[in-house]
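Comments concern the structure below.
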Amino acid sequence: MQQRITNNAGLDLAAAVWLATDEYTYDTRPNYISVTTLIKPIRQTVLARRVPLEERTVDLLDRVKSSIGHVLHRGIEHSWKEHYRSSLAKLGFPKRVIDAVRINPEEIEPDTIPVFTEFRSEKEVAGFIVSGQVDLIIDWRLRDAKSTTVWAYQSQKSVEGWKLQGSIYRWLNPEKVTHDELLIQYLLLDWSSAESKRTPGYPPHAVPVRSITLMSVQETDQWIRNRLSLLKQYMDAPDHEIPECNEDELWRSEPVYKYYANVNATGRSTKNFDNALAARQFMAEKGGKGRVDMVPGTVKACLYCAAFSVCKQKDRLIADGSLLI
């Protein structure tokens with residue numbers, strides 16, 4: 001059975017077929033768990049297993065980001081497998097270095113530079129089979145490519161998750177990943193040349209790299225075992241006993257403090273602030289007139305969660321106005 005896909009926006013067939021394409025190989029072993037699933041919130045992982053794949057629905061527009069990321073990874077893989085010699089030569093690397101490169105070698109020869117691309121590995125631990133697909137390893141150093149926004153790059157909100165993911169990939173492949181450093185290659189989809197010239201701290205180009213220090217293999221092994229223990233504990237538990245997703249896991253936005261010059265106003269605010277102190281100070285500068293309303297942040301993660309249809313926390317978030325659907 002397959003996941004149901006909708007095309008609510010009526011996208012043209014050219015884009016629709018691209019976005020509907022899913023080349024992921026679903027493993028049906030009952031004790032199988034992917035790295036990306038393992039690092040998701042406990043509630044999401046547990047409840048998602050209670051929703052059959054054919055009962056899950058996703059719209060084509062919700063697949064745009066992941067499809068772009070897939071294209072990026074495929075492009076990098078293709079360039080290394082098919083064009084690394086000519087590309088390295090164009091970049092000025094000497095022939096002796098180019099000749100030393102080995103793509104996905106089965107055995108590591110002395111004085112060679114191994115490059116591993118898009119391969120899957122797995123390890124059995126605590127009754128589970130943990131599996132993950134590594135994007136790129138060059139000369140024993142783990143690399144990953146991420147297509148995202150300038151805001152996401154600057155906020156670093158995903159860095160801890162990538163650190164954990166990279167650490168598990170090293171745990172799966174300690175013989176191929178010997179460096180403590182994970183290199184994240186960004187592709188900033190909304191980067192602006194003009195903005196980079198006038199805004200301090202703005203990334204200088206659209207393809208910056210960030211270095212992330214990985215957890216040790218021993219720390220990672222302990223984290224995995226603890227995580228799997230929690231999954232076993234809650235796998236058959238009723239909804240009210242499963243830990244709820246926290247604010248970070250819910251992707252809750254920051255609250256907005258709205259200043260209204262007219263105390264009776266209900267429409268558009270005079271000015272918005274990201275903290276109460278700034279809003280109150282601004283109101284004081286206006287002679288203390290008007291009012292400040294705090295609008296709580298909203299959550300976004302539920303809209304992309306495979307457990308949406310069965311989650312009771314989601315129902316409460318809708319009821320209190322935190323989740324807008």
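The numbers here are math on the coordinates, done by the rules we state, and not lab data. As the structure is a computational prediction, the values presented were derived from the model and not from experiment. With ideal geometry, Cβ positions are generated from the backbone for all residues, glycine too; neighbour counts draw on all protein chains shown.
The table that follows gives values for the structure above.
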read-out	value
Square roots of five times the Cα gyration tensor eigenvalues for the range 56-171, Å	29, 21, 14
Expected 222 nm ellipticity per residue - DSSP helices of 4 or more, -39500 (n - 2.57), all of the chain, to 500	-10500 deg cm²/dmol
Lys/Arg +1, Asp/Glu -1 at C-beta; the chain dipole; positive extreme among Ser193, Leu323, Gly132	Ser193
Rg and Dmax [Cα atoms of the range 131-248; Å; Rg one decimal, Dmax integer]	17.7, 55
Cα gyration tensor, the range 247-324 - rounded (a/c under 1.5), prolate or oblate	prolate
Student exercise, the range 178-325 dipole from Lys, Arg, Asp, Glu Cβ charges, in Debye to nearest 20	880 debye
Given charges at beta-carbon only (K, R positive; D, E negative), |dipole| of the range 242-319 in Debye	440 debye
Entry for semi-axes √(5λ) of the Cα gyration tensor in Å (calculated from the structure that is shown) out of [x] 33, 24, 17; [y] 41, 20, 19; [z] 40, 28, 21	[z]
Using θ = phi - 60° and Karplus 6.51 cos²θ - 1.76 cosθ + 1.60, couplings along the range 42-48 (whole Hz; Gly, Pro as x)	3, 4, 5, 5, 5, 6, 4
